[in-house]
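Notes follow once the structure below has been shown.
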Amino acid sequence: MKNSNIVKVAALTLGTLIALLSFPGQAVGQLPNDPFVILLNGIYQPVVHGPNLGLAQVNLSDGTYSKTDIYRVSGLPGNTGNPVGNFYARFDFSLPPLCAYQLPGGAMTMEFTGGGFDAPIPDGEGGVYLPGTFELTILEATGIYQSFAGGHNHMVDLLHLLADGRADEYCFCNISRP
């Protein structure tokens, strides 16, 4: 290889490296930033036959989970207007407090370890808002989220329990590596 070709290849390699480092979380397999923030939003729906997300600690087909949409806020690839995944939670508090996140490029199991809801706020239509904050530990993670296993999720929640018994979620999750 001639010296001029070596210089061109080196310059191209350096330029590519600089471009990749300039946009963390948006290149090289669409890796998420640390931390990243997502929004859980929408009416929970019961899960009868859940997907196998490759997670050992949750069985999303056992009839105990409900799901709602996940939206990107910051640190994940994609636009913010469309759902990017699903959040699976249990409303039977006699069961282990586990939940699962199905995201582009992988999934995570988390356990609620602290926090809670504040006093209910009537919505004026027979339902109530439940504001609260929660702390979660990331028990396992697959795909591009593997490095988040052992990490943390700080949730800021405003759960709306509607008069008809449905639950409408509006919750920000700030997810970080260990």
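The values are calculated or read from the model by the stated rules, or taken from the named source; none is laboratory data. Just so you know, these numbers come straight off a predicted model, no measurement behind them. With ideal geometry, Cβ positions are generated from the backbone for all residues, glycine too; neighbour counts draw on all protein chains shown.
Here are the numbers for the structure shown:
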| item | result |
| --- | --- |
| Condition broken by MET155, with the remaining ones in (1) aliphatic (A, V, I, L, M); (2) within 22 Å of ILE43 (Cα to Cα); (3) buried (at least 20 other Cβ atoms within 10 Å of the Cβ) satisfied | (3) |
| Filtered residues of the stretch 141-165 (kept if part of a helix (DSSP H, G or I) and either farther than 16 Å from PHE87 by Cα or of a type outside the set (Phe, Trp, Tyr) (or both)) | GLY143, ILE144, GLN146, SER147, PHE148 |
| Test: PRO96 is under 15 Å from VAL37 (Cα atoms), assigned by TED's automatic domain parsing to the domain that holds ALA56 and not aromatic (Phe, Trp, Tyr) | no |
| Selection count where residues are closer than 24 Å to GLY54 by Cα and not in a strand (DSSP E or B), scope the stretch 94-129 | 5 |
| Some residue of the stretch 5-23 being closer than 22 Å to ILE175 by Cβ, at pLDDT below 85 and part of a loop (DSSP other than H, G, I, E, B) | yes |
| Output for the stretch 76-93, where each listed residue is of a type in the set (Gly, Ala, Ser) and part of a loop (DSSP other than H, G, I, E, B) | GLY78, GLY81 |
| Criterion: in contact with a Phe, Trp or Tyr (Cβ under 7 Å, 6 or more places away or on another chain), surrounded by 19 or more Cβ atoms within 10 Å (Cβ to Cβ) and assigned by TED's automatic domain parsing to the domain that holds GLY54 - qualifying residue of GLY132, GLY85 | GLY85 |
